1. Just for the range 185-231: of the residues that are in contact with a helix residue (DSSP H, G or I) (Cβ under 6 Å, 6 or more places away or on another chain) and among the charged types (D, E, K, R), which one is most open to solvent (accessible area, probe 1.4 Å)?
2. Mind checking which residues of the range 97-106 are over 18 Å from ALA53 (Cβ atoms) and not in a loop (DSSP other than H, G, I, E, B)?
3. All but one of (1) of a type in the set (Asp, Glu); (2) touching a residue at least 12 places away in the same chain (Cβ under 8 Å); (3) assigned to a helix (DSSP H, G or I) hold for GLU293; state the number of the condition that does not hold.
4. If a residue must be within 24 Å of the chain's Cα centre (by Cα), surrounded by 13 or more Cβ atoms within 10 Å (Cβ to Cβ) and of a type in the set (A, V, I, L, M, F, W, C), how many such residues does the range 442-462 contain?
5. Taking the condition farther than 25 Å from GLN242 by Cβ and among the acidic types (Asp, Glu), does ASP163 pass?
6. Given the structure, is ASN91 surrounded by fewer than 24 Cβ atoms within 10 Å (Cβ to Cβ), in contact (Cβ under 8 Å) with a residue 60 or more places away in the chain and under 21 Å from LYS468 (Cβ atoms)?
7. Please enumerate the residues belonging to the range 70-96 that are outside any strand (DSSP E or B) and aliphatic (A, V, I, L, M).
Amino acid sequence: MRSEFLEELILTLGHPNVLVDDDDKAPYLTDWRKRYSGKALAITLPKTVQEIAQIVQLCAKNQIAIVPQGGHTGFCGGATPDNTGAQIILNLKRMNAIREIDKANQKITLEAGCILQAVQDKAAEQDFLFPLSLGAEGSCMIGGNLATNAGGTNVLRYGNTRDLCLGLEVVTAKGEIWNGLKGLRKDNTGYDLRDLFIGSEGTLGIITAAVMKLYPLPISQWTTLVAIDSIESTIALLNLFQKRATSLLTGFEMMTQESLTLNEKHFPHMANPLQGNPPYTILIELSDHESEEHVRQLLETILEEAFEAGLISDAVIANNLSQANSFWHMREHITLAQAEEGANLKHDITIPLSSLDNFIKETDAQMRSQYPGVRIINFGHLGDGNLHYNIAPPLGVDPKAFNLIHEKPIHELIYAQVERCHGSISAEHGVGQLKLEDLRAHKGEVAHELMKTLKRALDPQNILNPHKVVSI
């Protein structure tokens, strides 16, 4: 039966676009963190939505499960197959056309396989900003960004990927094509199907194209690094910038001393330019459609107020685009430094800003008490309460051995603290298979059953990315 199925796949896509040899399949089978690795019956590389519909119909007929896959940059194993070798991977990289840029309506229609950075560049060519920005933007794809409702560094001003989306094209579990690409900013006609599929990680349907918002390209941007001694002062600084800069505030990122020490260890050219590598380094960006001088003066005025209020002890303003980029690269390389250091325990969490200081103090204290010498690599998008609260073993301790013994109790400790603060165990990375077992307790029984009801209704055969997000 499998040979007949593969023959039909090849007839549908052409032999070059159905990979069955082990060497050809290998690059698609392991996630970016090398935490999850599986097997696949075949890797399919469709070019059109019609081909995807045919693949899904064929899989439904043969009860073959499908794992949708984009740039393969996720952290939660959401795009990695299981070990049965009975699933196929549906990789969307060939669906990479930008179908239309509508200047009058400030929107762009594009396919799911478009690389995020290519979309940013294409928008900029037309004097528009596509504001979604994250560390993996050189390889992640729009379909994956939508499937996980990715966040990134500009959420504070522009929102998550969901907030940037005006419409979707989706292939359902039956192999039907839903065209929701009108891209209207107001359409109050019943259930919002768009929001149903965004964040579902390919478990309810396969996103094949989208209409996304564009914004006028800012004329000026100024970036600064600020030294702060406490989270309490950091929140006060954020409130000051929100009050004085309002919508001009586009980035407010927090990096701890321990995070930047690890960064410098693996990337010495990215040493913190602030004197003494303070307890907390805050990266702030303002962007505007007025002159460079206007934004620079506003930034300096707010920093002066912060110095006078005793909130900050040092600040460095980027003098040019190159220096501003170096500040952002320092922030973005923390994740790469962790990968260089070895396997670590990642926690992509959201904490209400009012509880952030208490969460960090209490959780840090519990971690250091129960696991002496442990390194807490805590950084994130502080403006929206999103922390990447990651745990590395003590120096000299084998990461794999440490994680094997301590992963479960460390997760339980941190997630218990998240629940106490009424936060979320997944801010922007999704659930995948990593957090599948934790989701029921976090969401609550009613919400979890509602999710299962949706999954059963839209994918009764359970062929779309099974055992990710929610199991039925």
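The values are calculated or read from the model by the stated rules, or taken from the named source; none is laboratory data. A quick note: this is a predicted structure, and the numbers were derived from the prediction, not measured. Methodologically, a virtual Cβ is constructed for each residue, glycine included, from the backbone with ideal geometry; neighbour enumeration extends over all protein chains shown. Only protein heavy atoms, including side chains, enter the accessible area calculation; ligands, DNA and RNA are left aside. Shrake-Rupley method; radii C 1.70, N 1.55, O 1.52, S 1.80 Å.
1. Top of the filtered list is LYS213.
2. Let us first name the residues in the range 97-106 that are over 18 Å from ALA53 (Cβ atoms), namely 98, 100-106.
Across the range 97-106, the qualifying residues are ILE98, GLU100, ILE101, ASP102.
3. Here GLU293 clears every test but (2).
4. Selection size over the range 442-462: 2.
5. Judged against the criteria, ASP163 is not a match.
6. Spelling it out, it is not the case that ASN91 is surrounded by fewer than 24 Cβ atoms within 10 Å (Cβ to Cβ), in contact (Cβ under 8 Å) with a residue 60 or more places away in the chain and under 21 Å from LYS468 (Cβ atoms).
7. ALA79, ALA86, LEU92, MET95 - these are the residues of the range 70-96 that are outside any strand (DSSP E or B) and aliphatic (A, V, I, L, M).
Listed here are the residues, each with its yes/no results for (1) more than 27 Å from TYR36 (Cβ to Cβ); (2) touching a Phe, Trp or Tyr at 6+ places or on another chain (Cβ under 8 Å); (3) in a loop (DSSP other than H, G, I, E, B); (4) open to solvent by less than 60 Å² (accessible area, probe 1.4 Å).
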position: SER322; (1), (2), (3), (4): yes, no, no, no
position: ASN325; (1), (2), (3), (4): yes, no, no, no
position: GLU332; (1), (2), (3), (4): no, no, no, yes
position: THR335; (1), (2), (3), (4): no, no, no, yes
position: GLU340; (1), (2), (3), (4): no, no, no, no
position: LEU356; (1), (2), (3), (4): yes, no, no, yes
position: PRO372; (1), (2), (3), (4): yes, no, yes, no
